[in-house]
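Enquirer: Okay, handing you the structure first.
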Amino acid sequence: MYDPIAIESRWQAWWEENGTNEPDLDAAERPFFNLMMYPYPSAEGLHVGNLYAFTGADIYGRFRRLRGDDVFEPIGYDAFGIHSENHALKVDTHPMELIPSNIRNFERMLRAAGLMTDWSRTVDTTDPRYYKWTQWIFIQLFKAGLAEKKEAAVNWCPQCQTVLANEQVIAGLCERCDAAVEQRMLSQWFFRITDYAQRLLDNLDWIDWSETTKTAQRNWIGRSEGARLHFPLSGAAAGEGAGQPDRIEVFTTRPDTLFGATFMVLAPEHPLVERLTTDERRAEVEAYVRAAAAVDLVERQKTDERDKTGVFTGGYARNPATGEDIPVWVADYVLMDYGTGAIMAVPGHDQRDFDFARQFGLSIVQVVCSRAALPEGADLADVGGAGPEAAFVEHTADEILVNSGRFSGMEADAGGRAITEWLAERGLAAAEVNYRLHDWCISRQRYWGPPIPIIYCDDCGAQAVPEEDLPVVLPYVEDFRPTATGVSPLARDGAFHAAACPACGAEARRETDVSDTFLDSGWYFLRYPSTEFDDRPFDPERTQAWLPVSSYIGGEEHSVLHLLYSRFLTMVLHDLGHVEFEEPYDRFRKHGLLIRDGAKISKSRGNVILPDRYIARFGADTFRMYLMFLGPFQRGGDFRDSGLAGPERFLKKVWDSVTAAAESGRTGFEDVGVERALHTTIRQISEDLEALSYNTAIAAAMDYLNTLRAGGRTATVDEVRPLVIMIAPVAPHIAEELWARLGGASSIFDHAEWPAWDESKLVVDEVELPVQVNGRLRATIRVARGAPEEVVREAALAEANVIRRLDGVAIRKVIHVPDRMLNLVVS
RNA sequence: GCCGGGGUGGCGGAAUUGGCAGACGCAUCGGACUUAAAAUCCGAAGGGGUCCAUCCCCGUGUGGGUUCGAGCCCCACCCCCGGCACCA
């Protein structure tokens, strides 16, 4: 009798005792670093989504191991961060007590899942032995000028009472608590990831990643090419003191439309608003700016539901192309944190500017026109109507410039370049590339994170904590609640706050913000092979041998956050001479999402899947197999309790057939059909596992077992042994047990060799060939493999059904695909 | 609005990339075993048509096209899922 529960605990203990899953990192000949995204150890325990991802990664690792690689498969815990801290606040327990128990719970569940985890090398981001090096990385960036403190409008979550990265704001709401996010001006530490935007983009062309993930990163980086144009201030504002800016700079992707710029718009936070505003407009402008600051991002971005708002400053700037003075407005549809925070408005060719112009009665000029739409012999310097009533002109393909002085008649792209060059000669323009990507805000005004290792001295400014003083240990603070003032909880700890300046020794203050969780996860993979070293974050030789990561499997939800940041940090570490590679992951594949009974899995729906229960009832092998069988791994699938029966029965039958074969002692291959099926199956499963096509690999194994058992047949040892090896990646415990019963030395993962298929065994002497008449199936004939057309044709013409179809008509054409099909085309 | 991914039996999903649509599994039905049930084993099954058929028609979201042949390629459209979103 197959008793999965007994077998599984026995083998898990055996692996532990024998160090089966702990490769010798210094002796490995074919190192294969099999990485999965480490989990956040929530109090709820291991989520089925975690296990789905881990199982998929584990199967690949076990497969590589059976093929002879030295596979290193570590796991860790991403235990710092707002998520953990919020939960601690909710249950009113200190995170320093909560997290260790969560981790123990996770480890217990992970062990039960039968992963090939090397438990001797786990990582816990909240361990000072780990975050010492997180702080070290911060210091490396600081010293390289890549970490800087700047006053910036930041996303502030009033609920979590902290700054959020742009990535943590979902449609204006806090990713964690769904509160409306506000804007605040705070002094924050930033990593200059935008300096790396182009490289991060360029490398996407060659790294071996899921295409969808690469696309998501490209969109996130959001490169756009255009020009920076200068609009000189005119009127009173122009005359102000020396050293003051005398122009508004804008970024545009459409310099070709410059002649159509009939007004300008500044973001409410733009520094020039103050100067441009005339006295008679001042009260109105200030009211508008104040109101805009109060409006949270959700409201501000509800673009469909509200009309555009704005006020005229009373000031003017000169359109450098037309020489005309155009009014400067303030409106919240222009965002301070993209481009220059100011735009030239071209209402004739931009929907937003058009909407705005219509609303406030501003003039609209058409400056590009599709060739097709031009009337014959039109005067290109005087096309179409101008003024508020002129309709918005949609962007089309074959555009030329009109109403654009000497540039009229030029093709739009070339015209744009020409206009930029023309202005550049006068110092009024430069080609520019802009990125949507923002610098990475590292600071968090929270408790549960690694303290940022900086000391502020009145004389020496911001100083890095000397490396020999690391880690800056996060003190136990009884009251760790965040404050509404934006001051970090650590500031309450006087002993922590006070420090001596590392440069001059004077009394100084410690930075009390902690760093973003994404910094913890930005380098954790580098730590795994070097967990025993306390004097270096990652050992050069180990790193050289094991990195970049050979295979990384994880969720799409980290496409732009974790995956982009870890690429950035790796590039920086490469540039600073710490690692030899600049991309951290050789191969990344995203997995799909699990749903249940056709619906999303969520706590509120009450349809959460508890892996624990299923494993206790069916065993990990059955559960793993079902998870991988329910749909294509990279696309996800639908979990239905009823589906577990398939893999459950299959494993029972495998058990019965293999133990029966072992008892019978019969060997060899008596049946060529079965032998051919074996080789077909080996090929199928080998290719499918490599492609992470686990559902079809399992189907192939089932199919083969059906063949072995057809008509109550008893299989031979040689027929079942390869099957045991091939199901081992998916169902490792039963495979170990059956391998032992077939006389194999333990463990199967150390002693079995992945079976090879023999092409010559795949060929059949006779094939079934569909015969079509006019593309419709009319008969199936059996012919010798590779039979020439004449033979096939003759056999086909002997079929009664074919003869009937050919009666009275002439064969016009014969299409013969050898061994595949024959099609007779008749008139 | 933009960028991805998808739409195939009662259900989850296959389909060698243009060559027998529905592999494998779930559920279902029939049979065997059993006093009976469960478990197990054997078998059936996309829908429809004349009694059965090994015969015929229809069939991969919709409409058109290319082709000897389309689930797969092209054009237009509908719906679902995910991401981004006043990004100049």
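The values are calculated or read from the model by the stated rules, or taken from the named source; none is laboratory data. These figures come from a predicted structure and were not determined experimentally. With ideal geometry, Cβ positions are generated from the backbone for all residues, glycine too; neighbour counts draw on all protein chains shown. Just so you know, the surface numbers come from the protein's heavy atoms only, side chains and all, with ligands and any DNA or RNA stripped out. Shrake-Rupley method; radii C 1.70, N 1.55, O 1.52, S 1.80 Å.
Enquirer: Counting only helical runs of four or more DSSP H residues, what would the 222 nm mean residue ellipticity of chain A come to if each run contributes -39,500 (n - 2.57) and the total is spread over all its residues? Write out the running numbers ahead of the final one.
Expert: Numbers: 28 runs with 293 residues, N = 827.
Estimated from H runs of four or more residues: -10500 deg cm²/dmol.
Enquirer: OK, next. Label-point separation (nm) for residue A:807 and residue A:667, each offset 7 Å from Cα along Cα-to-Cβ?
Expert: According to this spin-label approximation, the distance is 6.1 nm.
Enquirer: Over chain A, with every protein chain in place, what whole percent of the accessible area is carbon and sulfur at 1.4 Å, could you tell me? Walk me through the intermediate numbers first.
Expert: Details: 16890 of 35150 Å².
Carbon-and-sulfur percentage of accessible area, whole number: 48.
Enquirer: Could you give the length gained on full extension between residue A:406 and residue A:30, defined as 0.36 nm per residue of separation minus the Cα-Cα distance, in nm? The partial results should precede the final answer.
Expert: Working: separation 376, 0.36 × 376 = 135.36 nm, distance 6.66 nm.
Taking 0.36 nm per residue and subtracting the Cα distance, the gain is 128.7 nm.
Enquirer: Only sites in a loop by DSSP and with at most 12 other Cβ atoms within 10 Å count here; which chymotrypsin sites (Phe, Trp or Tyr not before Pro) in segment A:517-611 make the cut?
Expert: Working: sites: A:518, A:523, A:524, A:525, A:533, A:538, A:546, A:552, A:565, A:568, A:581, A:585, A:588; in loops: A:523, A:533, A:538, A:581.
Those that pass, being in a loop and sparsely packed, number zero.
Enquirer: What is the distance, in nm, between label points placed 7 Å from the Cα along the Cα-to-Cβ direction at residue A:745 and at residue A:576?
Expert: My value for the distance between the label points is 4.7 nm.
Enquirer: If you place +1 on the Cβ of every Lys and Arg and -1 on the Cβ of every Asp and Glu, how big does the dipole about the Cα centre of segment A:640-761 come out, in debye to the nearest 20?
Expert: 400 debye
Enquirer: Sorted from largest down, what three extents in whole angstroms do the Cα atoms of segment A:764-826 have along their principal axes?
Expert: Each principal axis gives a Cα extent; for segment A:764-826 these are 36, 20, 18 Å.
Enquirer: How about segment A:637-696: which GluC sites (Glu not before Pro) there lie in a loop by DSSP and see at most 16 other Cβ atoms within 10 Å?
Expert: Those that pass, being in a loop and sparsely packed, are A:670.
Enquirer: Calculate the FRET efficiency for residue A:187 and residue A:287 from the Cβ-Cβ distance with a Förster distance of 30 Å, rounded to the nearest 0.05. Write out the running numbers ahead of the final one.
Expert: On the way: r = 27 Å, r/R0 = 0.91.
Here the calculated transfer efficiency is 0.65.
Enquirer: Please sort A:262-269, A:94-101, A:481-488 by packing, taking for each peptide the average over its residues of neighbouring beta carbons within 10 angstrom, highest first. Working shown, then result.
Expert: Values: A:262-269: 24.0, A:94-101: 16.9, A:481-488: 14.9.
In descending order of packing, they fall as A:262-269, A:94-101, A:481-488.
Enquirer: Decide, for segment A:24-78, between rounded, prolate and oblate: order the square roots of the alpha carbon gyration tensor eigenvalues as a ≥ b ≥ c, take rounded if a/c falls under 1.5, and otherwise choose prolate if a/b is larger than b/c, else oblate. Numbers along the way, then the final one.
Expert: On the way: a/c = 4.36, a/b = 1.95, b/c = 2.23.
Here segment A:24-78 falls in the oblate category.
Enquirer: Quick one: net charge around residue A:81, please, counting Lys, Arg +1 and Asp, Glu -1 for every other residue with C-beta under 12 Å from its C-beta.
Expert: Working: positive: A:176, A:444, A:446; negative: A:78, A:85, A:175, A:516, A:520.
Neighbourhood net charge equals -2.
Enquirer: Could you quote the convex hull projected area for chain A, Cα atoms only and averaged over all directions, in nm²? Please report the intermediate quantities before stating the final value.
Expert: Details: hull surface 190.8 nm².
Result: 47.7 nm².
Enquirer: Helix A:620-629 against the longest principal axis of chain A: what's the angle in degrees, Cα atoms only, rounded to the nearest 10?
Expert: 70 degrees
Enquirer: By per-residue mean of other Cβ atoms within 10 Å, what is the highest-first order of A:15-22, A:69-76?
Expert: On the way: A:15-22: 15.6, A:69-76: 23.6.
The most tightly packed comes first, giving A:69-76, A:15-22.
Enquirer: Of all GluC sites (Glu not before Pro) in segment A:396-432, which ones are in loop regions per DSSP and have a Cβ with at most 12 other Cβ atoms within 10 Å? Let's see the in-between values first.
Expert: Details: sites: A:399, A:411, A:421, A:425, A:432; in loops: A:425.
Counting only loop positions with at most 12 other Cβ atoms within 10 Å, the GluC sites (Glu not before Pro) in segment A:396-432 are A:425.
Enquirer: Name the residue from A:522, A:494, A:428 whose Cα lies farthest towards the positive end of the charge dipole of segment A:399-551, charges +1 on Cβ of Lys and Arg and -1 on Cβ of Asp and Glu.
Expert: The Cα lying farthest towards the positive end belongs to A:428.
Enquirer: For chain A, with every protein chain kept in place, what is the accessible area per residue (1.4 Å probe, Å²)?
Expert: Values: 35150 Å² over 827 residues.
Result: 43 Å² per residue.
Enquirer: Now for a different question. Compute the signed sum of charges (Lys and Arg +1, Asp and Glu -1) over the other residues within less than 10 Å, Cβ to Cβ, of residue A:549. Please list the in-between numbers first.
Expert: Working: positive: A:587; negative: A:583, A:586.
Net local charge, residue A:549 excluded: -1.
Enquirer: OK, next. Given the Cα-Cα distance of residue A:827 and residue A:1 and 0.36 nm per residue of separation, how much length would full extension add, in nm? Write out the running numbers ahead of the final one.
Expert: Numbers: separation 826, 0.36 × 826 = 297.36 nm, distance 6.41 nm.
Here the segment from residue A:827 to residue A:1 would lengthen by 291.0 nm.
Enquirer: Next up: Take residue A:763 and residue A:586, extend 7 Å from each Cα along the Cα→Cβ direction, and tell me the distance between the two endpoints in nm.
Expert: Label at residue A:763, label at residue A:586, 3.5 nm between them.
Enquirer: How high is the FRET efficiency from residue A:22 to residue A:610, r the C-beta distance, R0 22 Å, rounded to 0.05? If you can, show how the numbers build up before the last one.
Expert: Numbers: r = 29 Å, r/R0 = 1.33.
After rounding, the FRET efficiency stands at 0.15.
Enquirer: Could you tell me which of A:312, A:540, A:738 has its Cα farthest along the dipole of chain A towards the positive end, charges placed at Cβ (Lys, Arg +1; Asp, Glu -1), taken about the Cα centre?
Expert: Value: A:738.
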